[in-house]
Amino acid sequence: MQTVTLNNGVRMPALGLGVFQTPPDETRAAVTAALDLGYRHIDTAAAYGNEREVGQAVHGSGVPREDLFIETKIWISDYGYDETLHGFDKSAAKLGVDRIDLLILHQALPSDFERTVAAYRALEKLLADGRVRAIGVSNFMVGHLAALLDATTVVPAVNQLEIHPYFQQRAILEFGERHRILGQAWSPIGGITFYPGYSEDRRSVLEDPAVTAIAGTHGKSPAQVLLRWGIQQGRSVIPKSTRRHRIAENIDVFDFALTADELKALDALETGRRGGPEPENVTLATYGRTIPEA
């Protein structure tokens, strides 16, 4: 497994399994299959409601804890200094671990950014105490990152974003590169584009002729091409699947390379259409939810 080195020296597998929208009963089986197939990086979140099942699969796998990289996220309802410290306790208990490898804030909270800053300062405290190995953010735009950097001490190791050829967020990635913040792609194979309402014609990036042509050239699937596109440009990718054959396919991306022309062709697919919620629209009124105790 190829790794990436975070800005504090921690090494993280470049590819991991995501479990967004994976029901708890399916999560355990998916994570078990992934670990059996060689995955060592699992990405979950408090808001997903499946941290406990991730932990059960991890502990039942027989893989030594030191060989695993576990990443989770604090939801906006648990922002604030003390609230976020407790959010860590809830996640760690559900996962069954004493230390989390990467803990990130799930969204910026633009309507109460002071609360976001307080939450991040709690992450800094957890990092200083050795309870997490690295900290970061998710879905933070350039303005959010700049404001956070001005108000805190530790530069985020990661910014997890919607990134696929149809929505590349280049300005945010370039800002991150200048500050040594790694871009990590959720929906790296454009899964968000499968959903009704993404666009009028519901274009799937997996079916784009440019993608399928490159896949045919390399004898790979379109999904493998999209994952390779992200990894080859230095990003972390966390594809999700609950099917063992897809989980196996998604990790089989380290035996080929895209040419410069192929990378350019994929870069040219930008549509500017976001599939996830607009970050500025994330508020406690619209997205707040109670994260259960462990």
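Things worth noting here:
- On a per residue basis, the convex hull of the C-alpha atoms belonging to region 17-98 measures out at 77 Å³.
- Per residue, the solvent-accessible area of the chain (1.4 Å probe, heavy atoms of protein chains only, all protein chains present) comes to 41 Å².
- The local environment of GLU66, defined by Cβ-Cβ distances under 15 Å, has a net charge of +2 under the rule Lys, Arg +1 and Asp, Glu -1.
- Within-14-Å neighbourhood charge of HIS144 [Cβ basis; K, R +1; D, E -1]: -4
- Pairs of Cα atoms farther than 18 Å apart, region 67-157, %: 34
- Take every pair of alpha-carbon atoms less than 8 Å apart whose residues are at least six positions apart; their mean separation over the length of the chain yields a relative contact order of 20 percent.
- Average Cα contact separation per residue, region 22-97, under 8 Å, 6 or more apart, as relative contact order %: 36
- Of the peptides 124-131, 221-228, 285-292, the order by per-residue mean of other Cβ atoms within 10 Å, starting with the highest, comes out as 221-228, 124-131, 285-292.
- Only one residue of PRO222, HIS41, ALA185 has its Cα farthest out toward the positive end of the dipole of the chain, where Lys and Arg carry +1 and Asp and Glu -1 on Cβ, and that residue is HIS41.
- Adding -39500 (n - 2.57) for every DSSP H run of four residues or longer, then dividing by how many residues the chain holds, sets the calculated 222 nm ellipticity at -11500 deg cm²/dmol.
- Pairs beyond 27 Å (Cα-Cα), from LYS220/LYS240; LYS125/LYS240; LYS73/LYS220: LYS125/LYS240; LYS73/LYS220
- Taking every DSSP beta bridge that has both ends in region 150-294, the antiparallel portion is near 10%.
- The distance linking region 115-145 with region 208-232 is 34 Å (Cα centroid to Cα centroid, whole angstrom).
- The distance between label points at GLU83 and TYR287 comes to 1.4 nm (points 7 Å beyond Cα on the Cα→Cβ vector).
- Averaged over residues, the count of other Cβ atoms within 10 Å places the peptides 21-31, 141-151 in the sequence 21-31, 141-151, highest first.
- Electrostatic tally near PHE254: other residues with Cβ closer than 15 Å to its Cβ, Lys and Arg +1, Asp and Glu -1, net +1.
- Region 135-294 gives an Rg/Rh value of 0.99, both radii derived from C-alpha positions and Rh following Kirkwood.
- Size of charge dipole - the chain - debye, nearest 20, with Cβ of Lys, Arg +1 and Asp, Glu -1, no other charges: 320
The values are calculated or read from the model by the stated rules, or taken from the named source; none is laboratory data. Since the structure is predicted, the reported quantities are computational estimates derived from the model, not experimental observations. Please note: Cβ atoms are built from the backbone with ideal geometry, for glycine as well, and neighbour counts cover all protein chains shown. Surface areas here come from the heavy atoms of the whole protein model, side chains and all, with no ligands, DNA or RNA. Shrake-Rupley method; radii C 1.70, N 1.55, O 1.52, S 1.80 Å.
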